[in-house]
């Protein structure tokens with residue numbers, strides 16, 4: 001502990017990620033759970049080193065020095081390509097709609113696979129509003145404006161709601177997410193399985209040609225079932241809103257999306273297509289057959305109003321990265337960046 005003695009309970013029990021505010025700054029940190037006596041929480045040397053607050057030893061207070069106005073860089077949704085068909089082989093230009101800009105901001109249609117949220121009987125649903133800095137508030141306001149314009153959210157009068165918060169990403173930007181933890185705790189779970197990566201890779205043995213398609217919007221391609229939108233409600237300092245599309249953070253989103261994709265490509269799975277959520281890989285033993293397979297997949301995407309971002313797709317290659325594995329016409333190898341990350345992992 002701070003006095004050099006061992007924790008009173010004798011050991012660290014667990015870890016927890018907590019979001020808290022200090023001097024008008026909101027941050028999320030990992031705390032070790034143990035008996036800290038009369039202290040609710042302790043911010044140690046690592047936190048002091050990372051944030052370098054001013055310390056008033058006489059008043060025994062900490063504060064952050066005045067800094068210029070903060071800016072929050074939010075992870076933006078993909079923008080349309082300036083040339084939607086750039087990189088797409090001419091023989092697939094008949095599916096221009098799949099890559100086209102005119103469809104980019106349209107709301108997806110209702111389908112049989114719209115996600116529902118079935119609640120259990122017991123447990124709280126609401127969480128309090130999280131505090132935000134001025135910069136985060138300004139970014140939130142822009143995010144709400146864009147989502148309303150795209151028709152993905154609407155004002156709500158729901159009796160339940162979840163708060164929003166910013167979560168940092170590796171590239172330094174922030175992702176604005178809804179904290180659906182209490183809603184998820186009371187949601188009956190969809191146990192539809194996600195594919196086992198090992199089984200997916202096994203299907204690729206003997207394949208020589210590959211095409212990878214990046215499905216745009218991810219979970220947002222699935223609508224929320226009628227009568228369930230009120231359960232997705234989230235509150236902000238600027239009002240209460242509900243989501244019309246399935247969002248990241250809903251406990252059943254991965255299962256619902258995988259079910260949707262598996263049903264859509266049921267007859268092609270393990271024949272010429274493997275799918276893990278929104279990552280589609282088409283594989284064939286020769287180029288002529290591969291062209292037929294790609295036509296079939298693109299036709300199905302177009303018929304079901306699903307779209308791809310051409311700049312993130314790869315056509316007719318003999319080597320491609322899929323789920324962190326380099327797939328070759330002669331076998332597999334691990335992504336070099338992931339190997340490097342493991343090699344550089346600090347020793348405990």
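Rule-based calculations on the coordinates, nothing more; no lab input. Keep in mind that what you see is a predicted model, and the values were worked out from it rather than measured. In this analysis, Cβ positions are derived from the backbone assuming ideal geometry, glycine residues included, and neighbour counts consider all displayed protein chains.
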Report the far tail of the P(r) of segment 147-234, meaning the percent of Cα-Cα pairs longer than 16 Å.
74
Run the Debye formula on the Cα coordinates of segment 119-174, all scatterers equal and no solvent, and tell me log10 I(q)/I(0) at q = 0.13, 0.14, 0.22, 0.27 1/Å.
-0.49, -0.56, -1.08, -1.21
Along the Cα→Cβ direction, 7 angstrom out, place labels at residue 173 and residue 32. What is the inter-label distance in nm?
3.6
Cα→Cβ-extended label distance, 7 Å offset, between residue 54 and residue 319, nm:
5.5
How big, in percent, is the set of alpha carbon pairs in segment 90-343 lying more than 36 Å apart?
22
For the residue 111, residue 330 Cβ pair and Förster radius 35 Å, calculated FRET efficiency rounded to 0.05 is 0.30
Relative packing of 120-126, 233-239, 209-215, which averages over residues the other C-beta atoms within 10 Å, highest first
209-215, 233-239, 120-126
Here the residues of segment 186-206 lying in the modelled label zone of residue 286, meaning backbone nitrogen under 17 Å from a point 7 Å along Cα-to-Cβ, are 206
Starting from the 7 Å offset along Cα-to-Cβ, what nm value, one decimal, do you get for the label separation of residue 157 and residue 303?
4.2
Share of pairwise Cα separations in segment 195-348, more than 27 Å, in percent:
35
Test of understanding: ordering 47, 143 by Cβ neighbours within 10 Å, fewest first, what list do you get?
47, 143
Enumerate the residues in segment 131-169 having an amide nitrogen under 18 Å from the point lying 7 Å beyond the Cα of residue 119 toward its Cβ.
156-164
For segment 122-164 and segment 212-277, write down the distance between their C-alpha centroids in whole Å.
19
Length gained if residue 97 through residue 188 is fully extended, taking 0.36 nm per residue and subtracting the Cα-Cα distance, is 29.1 nm
